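Asks: Pasting in a structure now, in structure tokens, and then I'll have a few things to ask.
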2 protein chains.
Amino acid sequence: MEKSYKKIVEYVKNEITAGKLKPGDKLMAERELAEHLGMSRNSVREGLRLLENIGVLNSQQGSGNYIDLNFNETMTDVLSFMYLLKGIGLDQVTEYRLLIERDAMKLAVQRATDEQKKMIMEQLKGLEEAETEEERVVFDKAIHKILVEASHNDFLITNYEALANLMDRYIKSMRLNIIIGMQSQNMLENTHRMLAEAVAKGDLEKGILGLETHFGYIEQYKNG
Amino acid sequence: MEKSYKKIVEYVKNEITAGKLKPGDKLMAERELAEHLGMSRNSVREGLRLLENIGVLNSQQGSGNYIDLNFNETMTDVLSFMYLLKGIGLDQVTEYRLLIERDAMKLAVQRATDEQKKMIMEQLKGLEEAETEEERVVFDKAIHKILVEASHNDFLITNYEALANLMDRYIKSMRLNIIIGMQSQNMLENTHRMLAEAVAKGDLEKGILGLETHFGYIEQYKNG
DNA sequence: AGAAATTTGTTCGTATGTATA
DNA sequence: TTATACATACGAACAAATTTC
């Protein structure tokens with residue numbers, strides 16, 4: 001016998017596939033839902049927590065439960081717990097990040113919008129003019145983020161964001177170490193210029209070279 | 001003010017990072033947890049549903065709540081809802097699958113174990129000797145699964161499994177259409193032989209060629 | 001084998017905090 | 001400001017599955 005609180009996940013999934021629920025739409029009130037599905041309010045609420053965790057539900061006290069699109073947090077949770085529980089090492093994390101960015105680069109050189117090209121060059125300028133390590137981290141993040149977003153593949157983007165969150169939360173010092181290490185060798189701006197210009201000019205070769213160089217330094221400095 | 005039921009997620013995460021909870025371990029009883037964290041049992045249960053959904057918890061009635069490693073279902077849910085709600089098209093799904101498999105191939109030719117090499121050749125033999133479309137689907141799935149597993153990158157593997165589940169559930173007919181289409185052109189065994197032998201012999205070039213060919217046919221036949 | 005204890009699954013009732021008109 | 005609707009939270013109770021003795 002399936003657990004009762006899972007019924008509501010099926011219910012919402014069906015309503016979505018049937019086109020009756022779209023992002024932003026409000027669900028029935030919890031009491032109403034409970035009656036409609038023939039279960040108690042507490043069980044309904046447990047089911048709503050599942051949906052909330054998946055990222056398709058936003059519960060607002062006093063207002064209601066709304067269909068939402070917020071998959072990054074869930075993806076982050078999944079990757080984070082995988083990292084913590086499966087004994088996944090740093091190597092696998094950075095390897096996966098390189099794979100994603102390389103895939104993204106291939107697509108980005110073909111698909112980057114003018115707006116994205118403009119923005120990535122602006123962030124590069126910011127990086128080159130930054131005066132503190134903390135500032136550089138911010139611009140570094142932004143450049144990689146735009147690069148991946150320019151792939152216009154939602155699965156790729158969500159995975160990258162989650163991975164970036166994971167690294168921020170559990171391997172926080174790593175990015176700073178890398179920035180400092182690369183800065184001390186004057187390679188920080190060089191590699192990021194390659195990445196940004198590759199996207200802006202649609203130059204795949206330069207992009208891949210930039211990534212290889214960049215991740216070479218990551219290998220070198222990731223452990224501080 | 002943070003919602004109360006999220007406290008337990010933090011609690012479990014901390015216990016894991018502190019090394020006090022490992023996969024298979026049993027949590028305190030719900031009533032005990034409620035007292036320990038200063039909240040009601042209903043709220044505890046809502047929090048446990050979050051953990052269950054992430055895939056780190058397995059609730060067994062009458063027995064207890066156990067730390068678990070089951071990320072595939074969550075990942076499938078996330079990708080599925082993204083597909084349903086974000087209006088992601090078939091193109092993006094197959095594109096992402098090709099990206100994953102290409103990345104996996106690069107790693108698989110270097111890392112496949114002897115056991116995996118043996119198994120992928122066995123599945124190929126099964127495919128070549130299969131007599132019905134349904135059988136061929138099973139062997140086709142197995143070959144791709146082993147290929148990805150041979151990458152030995154857990155993030156890659158989990159994403160692929162989720163994507164495969166998504167396709168099985170929401171685009172069910174697709175794989176069958178492709179198998180039938182490729183079979184009618186006698187290309188089914190050819191492409192899969194390339195994939196299997198690439199992994200077994202560590203031949204990257206043949207592997208990439210096999211994938212390009214394979215996904216060329218997918219483009220051709222995916223819409224039936 | 002069977003009874004008792006333990007634990008999760010589910011329900012109801014109630015009270016409180018929050019948003020909205 | 002007030003009234004209403006709603007999510008949040010708590011406590012108690014019983015059902016159902018499992019474990020223990």
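The values are calculated or read from the model by the stated rules, or taken from the named source; none is laboratory data. Predicted model only: the values in this text are computed from it and were never measured. Cβ sites come from the backbone with ideal geometry, for glycine too, and all protein chains shown count toward neighbours.
Asks: Just to be sure I understand the filter: pairs with C-beta atoms under 8 Å, separated by 6 or more residues or on different chains, first member in the stretch A:39-67 and without any contact (Cβ under 8 Å) to a residue 24 or more places away in the chain, second member buried (at least 22 other Cβ atoms within 10 Å of the Cβ) and assigned to a strand (DSSP E or B). Which pairs pass?
Replies: Close Cβ pairs (under 8 Å, with a partner that is buried (at least 22 other Cβ atoms within 10 Å of the Cβ) and assigned to a strand (DSSP E or B)) amount to A:ASN58/A:ASN65; A:SER59/A:ASN65.
Asks: Only one of B:LEU195, B:LEU188, B:LEU204 is over 19 Å from B:LYS125 (Cα atoms) and among the hydrophobic types (A, V, I, L, M, F, W, C). Can you tell me which? Before you say what the answer is, go through the steps one by one.
Replies: Values: B:LEU195 fails: over 19 Å from B:LYS125 (Cα atoms); B:LEU188 fails: over 19 Å from B:LYS125 (Cα atoms).
Just a single option satisfies the conditions, and that option is B:LEU204.
Asks: Of B:ALA108, B:ALA104, B:ALA112, which residue is in contact (Cβ under 8 Å) with a residue 24 or more places away in the chain, over 30 Å from B:GLU46 (Cα atoms) and facing chain A (nearest Cβ under 10 Å)?
Replies: Values: B:ALA108 fails: facing chain A (nearest Cβ under 10 Å); B:ALA112 fails: facing chain A (nearest Cβ under 10 Å).
One residue alone meets the criteria, B:ALA104.
Asks: Against the condition modelled with pLDDT under 95 and within 16 Å of DNA strand C (Cβ to nearest atom), how does B:GLU30 come out, does it pass? Spell out the reasoning first.
Replies: Numbers: modelled with pLDDT under 95: no; within 16 Å of DNA strand C (Cβ to nearest atom): yes.
It is false that B:GLU30 is modelled with pLDDT under 95 and within 16 Å of DNA strand C (Cβ to nearest atom).
Asks: Still on this structure: Are any of the residues in the stretch B:35-51 away from DNA strand D (no atom under 16 Å from the Cβ) and within 16 Å of A:MET82 (Cβ to Cβ)?
Replies: For the stretch B:35-51, residues away from DNA strand D (no atom under 16 Å from the Cβ) and within 16 Å of A:MET82 (Cβ to Cβ): absent.
Asks: Does A:THR74 meet the test of being more than 10 Å from chain B (Cβ to nearest Cβ), touching a residue at least 12 places away in the same chain (Cβ under 8 Å), part of a helix (DSSP H, G or I) and away from DNA strand D (no atom under 16 Å from the Cβ)?
Replies: Numbers: more than 10 Å from chain B (Cβ to nearest Cβ): no; touching a residue at least 12 places away in the same chain (Cβ under 8 Å): yes; part of a helix (DSSP H, G or I): yes; away from DNA strand D (no atom under 16 Å from the Cβ): yes.
Answer is no for this residue.
Asks: What's the number of the only condition in (1) within 14 Å of chain B (Cβ to nearest Cβ); (2) crowded, with 22+ Cβ neighbours inside 10 Å that A:TYR170 fails to meet?
Replies: Here A:TYR170 meets the rest and fails (2).
Asks: Take B:ASN159 and tell me if it is at pLDDT 95 or above, among the polar types (S, T, N, Q) and under 30 Å from A:ASN14 (Cα atoms). Explain how you work it out, then say what you get.
Replies: Values: at pLDDT 95 or above: yes; among the polar types (S, T, N, Q): yes; under 30 Å from A:ASN14 (Cα atoms): yes.
Against the criterion (at pLDDT 95 or above, among the polar types (S, T, N, Q) and under 30 Å from A:ASN14 (Cα atoms)), B:ASN159 qualifies.
Asks: So, in the stretch A:39-58, exactly how many residues are facing another protein chain (nearest Cβ under 8 Å) and in contact with a helix residue (DSSP H, G or I) (Cβ under 7 Å, 6 or more places away or on another chain)?
Replies: In the first step, residues of the stretch A:39-58 are kept if they are facing another protein chain (nearest Cβ under 8 Å); the result is A:42, A:45-47, A:49-50, A:52-56.
Of the ones still in play, those that are also in contact with a helix residue (DSSP H, G or I) (Cβ under 7 Å, 6 or more places away or on another chain) are A:42, A:45-47, A:49-50, A:53-56.
Looking only at that region, the number is 10.
Asks: Only one of these conditions is not met by A:ASN65: (1) more than 25 Å from A:MET167 (Cβ to Cβ); (2) within 16 Å of DNA strand D (Cβ to nearest atom); (3) within 11 Å of chain B (Cβ to nearest Cβ); (4) not hydrophobic (A, V, I, L, M, F, W, C). Which number is it?
Replies: (3)
Asks: Does B:GLY126 fit the bill of being more than 27 Å from A:LYS106 (Cα to Cα) and in a helix (DSSP H, G or I)?
Replies: yes
Asks: Here is a check on your reading of the model: is B:GLU30 more than 8 Å from chain A (Cβ to nearest Cβ) and under 15 Å from A:MET82 (Cα atoms)?
Replies: On the way: more than 8 Å from chain A (Cβ to nearest Cβ): yes; under 15 Å from A:MET82 (Cα atoms): no.
The answer is no for B:GLU30.
Asks: Which condition does A:LYS106 not pass, out of (1) surrounded by fewer than 17 Cβ atoms within 10 Å (Cβ to Cβ); (2) under 26 Å from A:ASN153 (Cα atoms); (3) within 15 Å of DNA strand D (Cβ to nearest atom), if it passes all the others?
Replies: Checking A:LYS106 against (1) surrounded by fewer than 17 Cβ atoms within 10 Å (Cβ to Cβ); (2) under 26 Å from A:ASN153 (Cα atoms); (3) within 15 Å of DNA strand D (Cβ to nearest atom), the one that fails is (3).
Asks: Would the stretch A:5-20 turn up any residue that is buried (at least 16 other Cβ atoms within 10 Å of the Cβ) and among the acidic types (Asp, Glu)?
Replies: No - not one qualifying residue is present in the stretch A:5-20.
Asks: Which ones in the stretch B:162-180 are more than 13 Å from B:PHE215 (Cβ to Cβ) and over 18 Å from the mean Cα position of the chain (by Cα)?
Replies: The answer is B:SER173, B:LEU176, B:ASN177, B:ILE179, B:ILE180.
Asks: What's the number of the only condition in (1) assigned to a helix (DSSP H, G or I); (2) more than 13 Å from DNA strand D (Cβ to nearest atom) that A:GLY24 fails to meet?
Replies: It fails just one condition, (1).
Asks: Still on this structure: Test of understanding: among A:LEU98, A:LEU27, A:LEU33, which residue is surrounded by 15 or more Cβ atoms within 10 Å (Cβ to Cβ) and under 24 Å from the mean Cα position of the chain (by Cα)? Let's see the steps before the verdict.
Replies: Values: A:LEU27 fails: under 24 Å from the mean Cα position of the chain (by Cα); A:LEU33 fails: under 24 Å from the mean Cα position of the chain (by Cα).
Step by step, each of A:LEU98, A:LEU27, A:LEU33 is checked, and only A:LEU98 is surrounded by 15 or more Cβ atoms within 10 Å (Cβ to Cβ) and under 24 Å from the mean Cα position of the chain (by Cα).
Asks: I've got another one for you. Report, by residue number, each residue of the stretch A:77-90 that is more than 7 Å from chain B (Cβ to nearest Cβ), not aromatic (Phe, Trp, Tyr) and not in a loop (DSSP other than H, G, I, E, B). Step through it out loud before you land on a result.
Replies: Quick first cut of the stretch A:77-90, residues more than 7 Å from chain B (Cβ to nearest Cβ) only: A:80, A:83, A:87, A:89-90.
Okay, now just the ones that are also not aromatic (Phe, Trp, Tyr), so A:80, A:87, A:89-90.
Passing the criteria: A:SER80, A:LEU90.
Asks: Assess whether A:TYR11 counts as being of a type in the set (Phe, Trp, Tyr), in contact (Cβ under 8 Å) with a residue 24 or more places away in the chain, within 16 Å of DNA strand C (Cβ to nearest atom) and within 9 Å of chain B (Cβ to nearest Cβ). Full working, then the answer.
Replies: Values: of a type in the set (Phe, Trp, Tyr): yes; in contact (Cβ under 8 Å) with a residue 24 or more places away in the chain: yes; within 16 Å of DNA strand C (Cβ to nearest atom): yes; within 9 Å of chain B (Cβ to nearest Cβ): no.
Considered against the rule, which asks whether it is of a type in the set (Phe, Trp, Tyr), in contact (Cβ under 8 Å) with a residue 24 or more places away in the chain, within 16 Å of DNA strand C (Cβ to nearest atom) and within 9 Å of chain B (Cβ to nearest Cβ), A:TYR11 comes out as no.
Asks: Could you please let me know if B:GLY126 is within 16 Å of DNA strand D (Cβ to nearest atom) and not aliphatic (A, V, I, L, M)?
Replies: Working: within 16 Å of DNA strand D (Cβ to nearest atom): no; not aliphatic (A, V, I, L, M): yes.
The answer is no for B:GLY126.
Asks: Something else about it: Among the residues of the stretch A:49-71, which ones are within 15 Å of A:LYS13 (Cα to Cα), in a helix (DSSP H, G or I) and more than 13 Å from DNA strand C (Cβ to nearest atom)?
Replies: Those that are within 15 Å of A:LYS13 (Cα to Cα), in a helix (DSSP H, G or I) and more than 13 Å from DNA strand C (Cβ to nearest atom): A:LEU51, A:GLU52, A:ASN53, A:ILE54.
Asks: Can you tell me which residue among B:VAL137, B:VAL148, B:VAL93 is in a helix (DSSP H, G or I) and within 11 Å of chain A (Cβ to nearest Cβ)? First the steps, then the outcome.
Replies: On the way: B:VAL137 fails: within 11 Å of chain A (Cβ to nearest Cβ); B:VAL148 fails: within 11 Å of chain A (Cβ to nearest Cβ).
Exactly one residue qualifies, and that residue is B:VAL93.
Asks: For A:LEU79, state whether it is within 15 Å of A:ARG169 (Cβ to Cβ), touching a residue at least 40 places away in the same chain (Cβ under 8 Å), crowded, with 23+ Cβ neighbours inside 10 Å and in the same structural domain as A:ALA162 (by TED's automatic domain parsing). Give the steps one after another, and end with the answer.
Replies: Working: within 15 Å of A:ARG169 (Cβ to Cβ): yes; touching a residue at least 40 places away in the same chain (Cβ under 8 Å): yes; crowded, with 23+ Cβ neighbours inside 10 Å: yes; in the same structural domain as A:ALA162 (by TED's automatic domain parsing): yes.
For A:LEU79, the condition - within 15 Å of A:ARG169 (Cβ to Cβ), touching a residue at least 40 places away in the same chain (Cβ under 8 Å), crowded, with 23+ Cβ neighbours inside 10 Å and in the same structural domain as A:ALA162 (by TED's automatic domain parsing) - is met.
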